[in-house]
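J.: Below is one structure. I have some questions about it.
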Amino acid sequence: MKVLAVTGYKPMEMNIFKHDDERIEFIKYALKKRLIQYIEEGLEWVLISGQMGVEIWTGEVLLDLKETYPIQLAVIPPFENMDQRWPEPQQFAYQELLIQADFYKPLYQGEYKGPYQFRAMNQWLIEKSDGCLFLVDEDFPGSNRFLLDAAKSKANYPILTLTPTDLDDAVLEWQMSDPRYWDS
């Protein structure tokens, strides 16, 4: 797999309402572990639409990984100024990501016009990638469900997941890496 699309929950879908919530570090840790695995297996590009939450966190993880690995990041939002109604910390993170991404181009010029832009973005991500990594609980897919359904409809398209159980495992691994964990 050379090109991977990555998506997942928005912060509010995970009950994360502050940009500095400590749970974000656990999510990034789990994403980093999985992305390193794929990079070491030949992954060259990661595609995101740049939505709040998992996609921005994935972009931030990739920017860190670029210091060690030959990986590239493309941000393809459905329209321009997607972040204009977001909270300021998320706007800042999004703008920083756009500045440092290897490729950035909105699918549609101009502002939001309708839900067709998101459908087109989902289709574009599937057509341009070799598979998709979702941070999702399939029983409660949230806003992921639209891209997940589109991915399921494409024959032989790999759907990879990070589940809540995977996040729990990452949290435990993180905690166990701290020597103080073993003193308890």
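The values are calculated or read from the model by the stated rules, or taken from the named source; none is laboratory data. Please read all numbers here as calculations on a predicted model, not as lab measurements. Cβ placement follows ideal geometry from the backbone for every residue including glycine, while neighbour counts extend to all protein chains displayed. Note: accessible area is taken over every heavy atom of the protein model, side chains too, but ligands, DNA and RNA are not part of it. Shrake-Rupley method; radii C 1.70, N 1.55, O 1.52, S 1.80 Å.
J.: Relative contact order of the range 48-184: what whole-number percent is it, with Cα pairs under 8 angstrom and at least 6 residues apart?
T.: Result for the range 48-184 is 19 percent.
J.: List the GluC sites (Glu not before Pro) in the range 43-126 that DSSP assigns to loop (not H, G, I, E or B) and whose Cβ has at most 16 other Cβ atoms within 10 Å. Which are they? Let's see the in-between values first.
T.: Details: sites: 44, 55, 60, 67, 80, 96, 111; in loops: 44, 67, 80, 111.
Answer by residue number: 44, 67, 80, 111.
J.: Enumerate the calculated ³J(HN,Hα) couplings along the range 134-140 in order (Karplus 6.51 cos²θ - 1.76 cosθ + 1.60, θ = phi - 60°), each rounded to whole Hz, writing x wherever the residue is Gly or Pro.
T.: 10, 8, 7, 9, 4, 6, 9
J.: Let me ask something additional. Rounded, prolate or oblate: pick one for the range 57-147, where a ≥ b ≥ c are the square roots of the eigenvalues of its C-alpha gyration tensor, a/c under 1.5 means rounded, and failing that, prolate if a/b is larger than b/c, else oblate.
T.: Taking the square roots of the gyration eigenvalues as a ≥ b ≥ c, the range 57-147 is rounded.
J.: What is the distance in Å between the Cα centres of the range 1-72 and the range 149-184?
T.: Measuring centre to centre over Cα atoms gives 12 Å.
J.: I would also like to ask the following. For a test of the definition: using alpha carbon positions, the gyration tensor, and the 1.5 limit on a/c, classify the range 1-158 as rounded, prolate or oblate.
T.: Rounded shape, in that the Cα axes give a/c under 1.5.
J.: Right, here's the next one. Mind listing the long-range amide H neighbours of residue 73? Cut-off is under 5 Å, sequence gap 5 or more, other chains count too, H placed in the peptide plane at 1.01 Å from N.
T.: Those qualifying (amide H under 5 Å, at least 5 residues apart or on another chain) are 46, 102, 103.
J.: Please identify the DSSP H helices in the chain that span no less than 27 Å along the helix axis (Cα) and have a mean Kyte-Doolittle hydropathy of 1.6 or more.
T.: Numbers: long enough: none.
Both cut-offs are met by no helix.
J.: Tell me which aspartates and glutamates have Cα within less than 15 Å of residue 154's Cα, excluding those fewer than 8 residues away on the same chain?
T.: 127, 130
J.: Calculate one ³J(HN,Hα) per residue across the range 178-183 by plugging θ = phi - 60° into the Karplus curve 6.51 cos²θ - 1.76 cosθ + 1.60, and present them in order as whole Hz with x for glycine and proline.
T.: In residue order, the calculated couplings are 8, x, 5, 4, 7, 7 Hz.
J.: With the full set of protein chains in place, find how many percent of the accessible area of the chain is carbon and sulfur; take the probe as 1.4 Å.
T.: Taking all protein chains in place, the chain shows 51 percent carbon and sulfur surface.
J.: Separate question: Before rounding to the nearest 500, sum -39500 (n - 2.57) across all DSSP H runs of length at least 4 in the chain and divide by the residue total; then give [θ] at 222 nm in deg cm²/dmol.
T.: -13500 deg cm²/dmol, from helical runs alone.
J.: In whole Hz and in residue order, list the ³J(HN,Hα) couplings for the range 68-78 that follow from phi through the Karplus curve 6.51 cos²θ - 1.76 cosθ + 1.60, θ = phi - 60°; x for Gly and Pro.
T.: Values per residue, Gly and Pro as x: 10, 10, x, 10, 10, 10, 10, 10, 10, x, x Hz.
J.: Something else now. Going from most exposed to least, what order do 134, 146, 17, 103 have by accessible area with a 1.4 Å probe? Mind showing how you got there, number by number?
T.: On the way: 134 0, 146 120, 17 150, 103 95 Å².
Most to least solvent-accessible, the answer reads 17, 146, 103, 134.
J.: At a threshold of 8 angstrom on Cα-Cα distance, excluding pairs fewer than six apart, so keeping six or more, what relative contact order does the range 115-184 reach in percent? Spell out each step's value before the answer.
T.: Values: 44 pairs, mean separation 22.6, N = 70.
32 percent.
J.: Scan around residue 49 for amide H atoms under 5 Å from its own, H built in the peptide plane at 1.01 Å from N, and keep only partners 5 or more places away or cross-chain.
T.: For residue 49, the qualifying residues are 76.
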